[in-house]
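Below: one structure, written as structure tokens.
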Amino acid sequence: DAARGKIKLITLSPEWPGTASFIEKCAKAGVQVSIGHTAAAEEQIREAAAAGARLSTHLGNGAHLMLPRHPNYLWAQLAEEELWTCIIADGFHLPDSVLKVVRSVKGKRTILVSDAVYLCGMAPGTYENHIGGRVVLTPEGRLHLEQNPRLLAGSAQMLHRGISHIAGRGIAPLSEACDM
């Protein structure tokens, strides 16, 4: 109400108490709900989808570095047929094998997103960033935390990079990559 109907999409983590009723209220108000940055159990993800969640925000990112092989929240989101899946296909966020699996499982319910931050187009170097403090933009275009190169700090690639990557690696034909 305070936003006067301008909120159209939110990302939330469904492991919090009362999430299902909040999702139902959002869905009734025309707000799309996406699951992301989560450590939710399978049942919590199932409840969120049943309540009206319809997306997974850039699946696999904002995830723990180590997960149980199963069950885990990535498999649970892929298994929910109601959930469309957003992926970052910039060549750094997800390996090609994961991109292929997501496309195989979700088909036309796969959406490419960029996760681009304001450092897109900047020269390689070290920058101060609101996400993680000091970050490094490599000559290849990978953006990571200075203190931990294993952790990305968003992406420095625009969406066309993901389309090119998906098509160039044979994960999907160019026309399908554009549709994603």
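On full extension, the segment bounded by Glu15 and Asp1 gains 2.6 nm, given 0.36 nm per residue less the C-alpha separation.
Here the Karplus relation 6.51 cos²θ - 1.76 cosθ + 1.60, evaluated at θ = phi - 60°, turns the backbone of region 86-93 into coupling constants of 8, 10, 9, 10, 7, x, 10, 6 Hz, with x for every Gly and Pro.
Taking every C-alpha pair closer than 8 Å and separated by at least 6 residues, the mean separation divided by the residue count of region 1-87 gives a relative contact order of 29 percent. When both bridge partners sit in the chain, DSSP labels roughly 40% of those beta bridges antiparallel.
Average accessible surface for the chain: 56 Å² per residue, computed with a 1.4 Å probe over protein heavy atoms with every protein chain in place.
Pairs of lysines in the chain whose Cα atoms sit within less than 26 Å of one another amount to 9, provided the residues are eight or more positions apart or on different chains. Computed over the alpha carbons of region 26-111, Rg followed by Dmax gives 12.5, 37 Å. For Cα Rg over 2.2 N^0.38 Å, which listed value, [x] 1.07; [y] 1.52; [z] 1.24, comes from the coordinates shown? Computed from the coordinates, Cα Rg over 2.2 N^0.38 Å corresponds to [x]. Once the C-beta distance of Lys108 and Gln147 is scaled by a Förster radius of 35 Å, the resulting FRET efficiency is 0.30 to the nearest 0.05.
Peptides 39-45, 119-125 ranked from most to least packed, by the mean per-residue count of other Cβ atoms within 10 Å: 39-45, 119-125. Across the options Ser114, Gly133, Leu78, the greatest Cα extent toward the positive end of the charge dipole of region 58-150 (unit charges at beta carbon of Lys, Arg, Asp, Glu) belongs to Leu78.
To the nearest ten degrees, helix 19-28 and the longest principal axis of the Cα atoms of the chain are 90 degrees apart.
Stretching Glu43 away from Glu128 to a fully extended chain increases their span by 26.7 nm, per 0.36 nm per residue minus the current alpha-carbon distance.
Averaged over residues, the count of other Cβ atoms within 10 Å places the peptides 78-90, 59-71 in the sequence 78-90, 59-71, highest first.
Applied to region 47-52, the Karplus parametrisation 6.51 cos²θ - 1.76 cosθ + 1.60 on θ = phi - 60° returns per-residue 3J(HN,Hα) values of 4, 5, 5, 5, 7, x Hz, with x for Gly and Pro.
The values are calculated or read from the model by the stated rules, or taken from the named source; none is laboratory data. Note that this is a predicted model, so its numbers are computed, not measured. Counting neighbours? That spans all protein chains shown, and the Cβs are built from the backbone with ideal geometry, glycine included. Calculation scope for accessible area: heavy atoms of the full protein, side chains included, ligands and nucleic acids excluded. Shrake-Rupley method; radii C 1.70, N 1.55, O 1.52, S 1.80 Å.
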